[in-house]
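Structure first, commentary second.
Please treat every number below as a calculation from the coordinates, not as lab data. Because the structure is predicted, anything quoted here is derived from the model rather than measured. All Cβ positions, glycine included, derive from the backbone under ideal geometry; neighbour counts span all protein chains shown.
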Amino acid sequence: MAYGIPEQYKIKSAELSELKDAVSIEWTGCAGFRLKHKGTTLLIDPFVTRPRMAGMVAMPLKCNEQLCAEVFPEADYILVGHSHYDHLLDVPEIASKTRALVLGSPSTASVCLGAGMPDEKVKVVETFIPIMCGPFKVTFVPGVHGKAVLGRIPFPGQISGRPKQPMRASHYRAGGVYGLLIEIGALKLYHIGSADLIDDETAKVGKVNALFTCLAGRQDTPNYIARLNSRLQPDYIIPHHYDDFFQPFKFGNNLMSGVDIDSFFSEVKAVSPGARIVMPEYFQAMTFDPKTGKLVEG
Ligand SMILES: [Zn+2]
């Protein structure tokens, strides 16, 4: 049964036209988000193919090209936080169709080039060197992958060369793992695609308005929310990667097994009482004011 977001965490979308120069942000499932501002579209970890678990171990993963085209008709930039398939599988296809520039680790670049993308559309990032993506100032921050499977990091290591695709899930090695700092005017957003952090590196980010935090596997990261909160002091916490990404969208937002979302709510209440939990539905627009950094609701 689809998960019902608790009433107190739901939001009401504002009409973009109500606020000049607003930033629109949609959750596109798993760790994925779409940000729009001043005519520029930036995607984070877009992933909509969502292959079923059955048969996945032995079979190469094929991107659902039609669904990618439907969901992501346009994009200018795609940020990839790490190279596991639930973050990267659909990226070469979306980038090729939209002519977006992909930014990520050397492993992400390998997969994109292996898929036939041209060199000039793939950028290997350096941490803490801000890059302007249209109106978005993007900084990749060193991170670490959560020990999400049986207390270990799944599929660690790098991807090299120009691997032929389709590839199996196990060939999508994590590669570099990053937090993503995105700044638009006074608005500061921070996205974590896997539930762990390097404390000292995260502290350099400083206070943010909104923290987009991965829930999958967080129970294996001691004091996850408390450590994030003390370094980032978010006004809003937007959980993601809590949905069952082995099920297609048509089945709605179902909880990933073992995610224990209620314990996340109580943890935030206990260690981050100043933050407001915000949970959009799939593809529901959240509107932020880049002048104040605040969420605007209709
Ligand atoms: Zn991962």
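General observations
- Cβ-based net charge around residue 269, under 14 Å, with every Lys or Arg adding one and every Asp or Glu removing one: -1
- Relative contact order (%) - criterion: Cα under 8 Å, at least six apart; region: segment 58-188: 29 percent
- Residue among 98, 14, 155 farthest towards the positive dipole end of segment 9-156, charges placed on Cβ: 155
- Stretchable slack from residue 40 to residue 265, in nm (0.36 nm times residue separation minus alpha-carbon distance): 77.7 nm
- Simple spin-label estimate for residue 220 and residue 255 in nanometres, 7 Å along Cα-Cβ: 2.0 nm
- For residue 156, net neighbour charge (Lys/Arg +1, Asp/Glu -1) across residues whose Cβ lies under 11 Å away: +3
- Long pairs among 207/269; 10/204; 36/204; 137/188; 12/36, criterion Cα-Cα beyond 20 Å: 10/204; 36/204
- For a paramagnetic label modelled on residue 162 (point 7 Å from Cα along Cα→Cβ), amide N atoms under 20 Å away belong, within segment 81-106, to 89-106.
- Diffusion coefficient (Stokes-Einstein, Kirkwood radius over C-alpha pairs, 25 °C, 0.890 mPa s) for segment 20-293: 133 µm²/s, rounded to a whole number.
- Size of charge dipole - the chain - debye, nearest 20, with Cβ of Lys, Arg +1 and Asp, Glu -1, no other charges: 400 debye
- A simple spin-label model places pseudo-atoms 7 Å from Cα toward Cβ; at residue 59 and residue 128 they are separated by 4.5 nm.
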